[in-house]
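The values are calculated or read from the model by the stated rules, or taken from the named source; none is laboratory data. The structure displayed is predicted, hence computed values, not measured ones. When we count neighbours, we look across all protein chains shown, and the Cβ atoms used for this are built from the backbone with ideal geometry, even at glycine.
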Amino acid sequence: MMTKTISAADMRKPLNLLNKDFIDNKFAYYKWLRENDPVHKGKLAVLNIYLLSQYNDCVDVLKDPRIVRNRTTATGGGRFPVPLPKAVNMMVNSMINEDDPAHRRLRMLVHKAFTPSRLAYLDERLETLTHELLDRAEKKGTVDLINDYALPIPVTIISEMVGVSPDETPQFASYMEALSTGLSGFTIAKTMFFDLPKAVTFCRELIQRKKADPQDDILTALIEAEEEGEKLSEDELIAMVFLLIVAGYETTVHLITNAVQTLLTHPDQLDRLRAEPALLDSAVEEILRFNGPIQGTKMGYAMEDITINGVTIPKGKPMMPLLGSANRDPAVFENPDVFDIGRTPNRHLGFGQGIHYCLGAPLARMETKVALKNLFDRNPNLRLAVAPEELQIQRIPAWHRHVSLPVTFG
Ligand code: HEM
């Protein structure tokens with residue numbers, strides 16, 4: 001990645017976020033877009049979409065109340081460009097696709113459930129969990145770090161956060177997988193008509209049990225949370241559980257994975273971190289900037305014709321701020337293609353910006369810091385088990401995700 005130079009000829013056609021060449025060379029494409037066509041009329045599969053690549057435009061759009069997430073508000077048409085089955089609707093009709101004031105109400109309610117004492121409990125839990133996972137993984141010598149370490153961390157944390165019992169966790173984990181990846185591959189029909197309805201039923205039963213027997217978990221807190229005399233309906237509760245999964249599962253897996261991959265391929269920075277452990281906080285911020293898992297936000301729709309950087313986006317048309325490109329914009333970051341774990345200031349957009357700024361950012365930072373600290377402390381000789389060029393990036397738009405990360409401990 002980064003080595004290819006993009007030419008005007010490469011960009012003759014509108015850029016499709018699913019294009020394999022783009023996925024493999026995204027930072028080179030971003031550079032071309034920022035310099036030549038910062039408000040680009042591109043594509044997401046068959047959908048026409050405006051792609052914003054400069055930092056300041058991305059921030060402006062994410063703070064502009066004339067650009068909404070709820071497509072109906074902007075277009076008068078359906079919530080999504082195509083009609084969706086009910087269970088899928090429950091997943092997509094969450095607050096991340098909603099605008100104020102409806103969004104504010106939902107966000108306040110879930111915010112109340114993320115108390116400092118619950119985070120403190122999860123911090124302790126992460127310490128034991130990461131050591132348990134490493135005890136098992138290190139014995140194998142060589143592992144795929146995703147399967148053996150990065151993935152079980154959020155699976156366990158989200159299950160415990162929601163209050164799923166240990167014997168139900170494997171079942172719940174299969175729903176997490178379906179919600180997170182099932183809608184982007186060949187399994188899409190099975191996911192929509194089989195897995196998601198089953199996940200809805202599972203959540204309804206779980207909610208009934210929590211109502212009858214409240215526990216110290218986030219689902220119970222969400223059931224009890226009230227904002228101006230109003231509580232979440234059962235459908236809203238399920239949508240919120242789904243959102244916590246969709247927003248908090250693969251993001252964490254791939255933040256941890258990208259962090260390990262980036263540090264192992266920048267040994268000078270890894271040595272610096274080992275010599276100065278206090279740099280861990282800024283190292284995590286730099287990974288979010290340099291190789292964050294989320295490269296673009298959910299789509300926003302213009303409520304009226306809006307001119308950005310000289311280009312008029314017509315009313316009702318979708319747009320996407322490319323966070324990964326904003327994070328490499330030289331207008332804001334000095335030497336943006338240099339990975340510097342001590343970078344300061346670092347006003348990256350890895351957690352988004354504006355009203356949809358990541359609600360789980362404190363948890364995500366905590367999970368990543370504990371995961372990295374224990375992995376590198378215990379394994380001074382950790383290294384990639386394949387050449388860096390062999391690592392593959394998944395073909396999923398607006399993400400930066402590795403297919404696997406083979407590492408050797410010894
Ligand atoms: C680990 C790395 C993570 C990254 C890089 C990340 C990134 C993001 C980004 C970029 C957004 C804004 C999306 C947009 O504007 O469309 C977002 C929103 C959100 N994130 Fe995270 N996230 C992470 C982890 C988590 C975790 C662990 C949780 C909770 C368990 C979480 C919960 C949320 C929620 C609920 C929203 C929507 C907020 C709203 O609509 O107001 N995230 N995240």
Kindly list the number of the only condition in (1) modelled with pLDDT under 95; (2) surrounded by 13 or more Cβ atoms within 10 Å (Cβ to Cβ); (3) touching a helix residue (DSSP H, G or I) at 6+ places or on another chain (Cβ under 9 Å) that fails for residue 73. (3)
Pairs under 9 Å by beta carbon, first residue among the acidic types (Asp, Glu) in the stretch 80-107, partner assigned to a loop (DSSP other than H, G, I, E, B) and within 16 Å of the ligand (Cβ to nearest atom), six or more apart or different chains? 98/69; 98/70; 99/65; 99/69; 99/70; 100/65
Within the stretch 215-237, does at least one residue satisfy the condition of being more than 16 Å from the ligand (Cβ to nearest atom), closer than 15 Å to residue 107 by Cα, assigned to a helix (DSSP H, G or I) and not small (Gly, Ala, Ser)? yes
Which of the residues spanning the stretch 36-51 are in a strand (DSSP E or B) and under 17 Å from residue 19 (Cα atoms)? 40, 41, 42, 43, 44, 47, 48, 49, 50, 51
Quickly run through the stretch 367-398 and pick out the residues that are within 10 Å of the ligand (Cβ to nearest atom) and not in a helix (DSSP H, G or I). 398
Those residues of the stretch 108-120 which are without any contact (Cβ under 8 Å) to a residue 40 or more places away in the chain and either assigned to a loop (DSSP other than H, G, I, E, B) or within 16 Å of the ligand (Cβ to nearest atom) (or both) amount to 116, 120
List every residue pair whose Cβ atoms lie under 6 Å apart, where the two residues are 6 or more positions apart in sequence or sit on different chains, the first residue falls within the stretch 350-368 and is over 21 Å from residue 253 (Cβ atoms), and the second residue, located anywhere, is more than 7 Å from the ligand (Cβ to nearest atom). 353/59; 354/63
Return the only residue of 100, 123 being within 16 Å of the ligand (Cβ to nearest atom), part of a loop (DSSP other than H, G, I, E, B) and either modelled with pLDDT of 90 or more or touching a Phe, Trp or Tyr at 6+ places or on another chain (Cβ under 7 Å) (or both). 100
Count, please, the residues in the stretch 1-32 that happen to be in contact (Cβ under 8 Å) with a residue 40 or more places away in the chain, surrounded by 16 or more Cβ atoms within 10 Å (Cβ to Cβ) and farther than 15 Å from residue 398 by Cα. 1
Just checking: which of the helices (runs of 4 or more DSSP H) contained wholly in the stretch 238-298 hold 3 or more residues that are within 11 Å of the ligand (Cβ to nearest atom)? 250-264, 280-291
Can you tell me which of 408, 344 is touching a residue at least 60 places away in the same chain (Cβ under 8 Å), away from the ligand (no atom under 16 Å from the Cβ), more than 18 Å from the chain's Cα centre (by Cα) and surrounded by 14 or more Cβ atoms within 10 Å (Cβ to Cβ)? 408
Among the residues of the stretch 147-171, which ones are part of a helix (DSSP H, G or I), within 14 Å of the ligand (Cβ to nearest atom) and touching a residue at least 24 places away in the same chain (Cβ under 8 Å)? 150, 153, 154, 155, 156, 157, 158, 160, 161, 162
Within the stretch 33-54, is even one residue of a type in the set (Phe, Trp, Tyr) and either in contact with a Leu (Cβ under 8 Å, 6 or more places away or on another chain) or at pLDDT 95 or above (or both)? yes
Within the stretch 347-366, how many residues are in a loop (DSSP other than H, G, I, E, B), within 7 Å of the ligand (Cβ to nearest atom), buried (at least 18 other Cβ atoms within 10 Å of the Cβ) and not hydrophobic (A, V, I, L, M, F, W, C)? 3
